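Below: one structure, written as structure tokens.
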Amino acid sequence: MTRPTTIAIVGGGFCGMVSAIRLLQQQKIGGTHITLFERVGHGLGGVAYDIESERLLLNVPAAGMSAFEEEPEDFLNFLRTISPDAVGGTFAPRHVYGNYLRARLQTAIKARRDIQFEIRAAEILDVLPGNAGGWQVRGESFGLAFELDATAVLLTTGPGIPARPRWVTDHMLDSGHYRDAWTQTTAPSLDSTATVATIGTGLTFVDTVITLRAGGFKGHIVALSRHGVLPQIERGPPAIPTPSDIPEAFQPEALPIQSIRQLIGVFRQQLAMMHAAGRDFRMLIAAIRPLIPKLWNNLPLSERLRFLRHARHLWDSHRHRVPESVGKHIEADIAAGTLQLIAGRITGAHAHAGTLELAVRPRGQTTTIPLRVTQVINCTGAPAGAPLGNPLDALKDRRDIQPDHLGLGVLTDQAGQLLNDRGQPHVGLCYVGPLLRAQDWELTAVPELRRRLPSVVSAICSAIEAHARMA
Ligand SMILES: Cc1cc2nc3c(=O)[nH]c(=O)nc-3n(C[C@H](O)[C@H](O)[C@H](O)COP(=O)(O)OP(=O)(O)OC[C@H]3O[C@@H](n4cnc5c(N)ncnc54)[C@H](O)[C@@H]3O)c2cc1C
């Protein structure tokens, strides 16, 4: 008896769900089993969309959020079934987006009676070459270890794990003095006299403030980051560029920009021209977004490092903006004096009489100032050098995948197949998601991620077809 062909998808966030939908639409993989693994206790949607809050909004307008590039209105149409007044510029609640992805997946599953589709709650710990070709997936579910033979494996495990600062002790974690905004989302109850410090002032920080205030927290929030820069606020109608908005210096036929200094110079010059034409920076950013992988790849490694050290905070704050209604909450909190922004970093901490005493070194100073807080919330996300998470760390530790030199993520071929330590693709073992920033810089938001999914789905289908030919 021949064994069924199995595809394992690890991770039920945006990339896992939309890849599953696209696979289910492939006629050529009829008869296969598809197993989508998501962690025990997690729903489908990932950290961004497996949420319930009405107040956490998408930071991309509805017109840009279709899961399918070839059907640009798909999310807007779904949204209009719930909110008939929604327009392309509407910033919908993120939980609605989670409902959209789950609804589209259900429809795709129902349409394929010839594919056995299963969603399984498990942590996948490792992926090894299988005995009869293909791959062996090893995981754990409710305390029980298991193995699954899969012809092809698609890892969509997200952006890696937020790094724990050196000064955080186990006691600080156990007592709730320190938590990370992504993995521990439930806040221990904080009384109104409490002070919370956040590390990071980007979009995760904004989410954290909104969530704390929505939960009734009235105390002080001190937001710390190296540069103390907040995300820009999305004001006015969405910037929708036309091809003629792409500045000449960024056009594919222009001489490649090979240094950060040159890049910033061109950017500033273009910005001045945009302003003179009565437009704002958003149009320039929107126009060059599709060119970012190319710009990044033209930069030598030393210049990419320079970008990470000196320019990334500026890029992030202008590129990853918040809707106006959200930005107003943050501005009001700052105006009321209940939210304070500090450019600097925490160099040490010790627990003291039920609180934490932090040593904070303001930017540009050599001495530290003390700051007493009840809790520190890490809102930095996964920085360079942070763990990649299961099962990628196991593959990396065994040198089964090639690390990138900046510690940003993983390296794959164009189709998304992970590269081995000799730079060759692992047939049928793919990754797609934000860790591709190692090679394309920015693969974080839906408009960029959705573009990558058709090719990774093709690579999985090719592995299945090759396996069928050999059987
Ligand atoms: C808070 C937040 C808000 C965002 N808002 C927007 C927005 O408004 N618009 C936009 O375009 N983009 C937004 N993004 C960016 C974006 O859409 C995400 O980065 C995107 O969700 C990435 O999808 P993913 O599937 O690669 O990873 P994730 O969404 O992180 O999903 C990975 C999934 O894999 C699971 N997993 C990981 N490891 C394992 C394992 N070993 N075994 C089993 N399961 C595992 C995780 O539990 C998780 O569910 C936001 C991101 C965040 C974090």
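A short reminder: the numbers here are calculations on the coordinates, not readings from a lab. Quick caveat, the model's predicted, so the values are computed rather than measured. Cβ: placed from backbone, ideal geometry, glycine included. Neighbour counts: every protein chain shown.
Brief remarks on what is shown
- Dipole magnitude of the chain about its Cα centre (Cβ charges: Lys, Arg +1; Asp, Glu -1), debye to nearest 20: 700 debye
- Relative contact order [Cα under 8 Å, 6+ residues apart], the chain, whole percent: 20 percent
- Here residue 249 and residue 27 are evaluated by their C-beta separation; at R0 = 51 Å the FRET efficiency comes out at 0.70.
- Across region 233-319, the mean sequence separation of Cα contacts (distance under 8 Å, 6 or more residues apart), normalised by length, yields a relative contact order of 39 percent.
- For region 425-464, the residues whose amide N sits under 14 Å from a probe point set 7 Å from the Cα of residue 42 along the beta carbon direction are 432-435.
- For region 231-251 versus region 91-161, the gap between their alpha-carbon centres in whole angstrom: 36 Å
- Spherically averaged projected area in nm², based on the convex hull that wraps the Cα atoms of region 233-319: 5.7 nm²
- Computed over region 1-46, the quotient of the alpha carbon radius of gyration and 2.2 N^0.38 Å is 1.26.
- Degrees separating the helix 14-24 axis from the principal Cα axis of the chain, which is the longest one: 20 degrees
- Rough spin-label spacing in nm, given labels placed 7 Å along Cα→Cβ, for residue 325 and residue 277: 3.2 nm
- Theoretical gain in end-to-end length, residue 396 to residue 345 [0.36 nm per residue, Cα-Cα removed]: 15.3 nm
- Between the listed residues 192, 411, 291, the Cα displaced farthest toward the positive end of the dipole of the chain, a dipole computed from Cβ unit charges relative to the Cα centre, is found at 291.
- For region 1-42: relative contact order, % (alpha-carbon pairs under 8 angstrom, 6 or more apart): 58 percent
- Available extension along the chain between residue 120 and residue 424 is 106.4 nm, counting 0.36 nm per residue and deducting the alpha carbon span.
- Whole-percent P(r), region 1-123, all Cα pairs, 10 Å bins from 0: 13, 41, 31, 13, 2, 0.
- Viscosity 1.306 mPa s, temperature 10 °C, Stokes-Einstein D of the chain from Kirkwood C-alpha radius, µm²/s: 67 µm²/s
- Among beta bridges that DSSP assigns inside the chain, antiparallel share in %, nearest 5: 45 percent
- Every helix of 4 or more DSSP H residues in the chain counts as -39500 (n - 2.57), and over all residues that averages to -9500 deg cm²/dmol at 222 nm.
- Close amide-amide hydrogen proximity is noted between residue 10 and 37, 154, 155, 156, each under 5 Å apart and 5 or more residues distant or on a separate chain (H modeled in the peptide plane; Pro and chain starts excluded).
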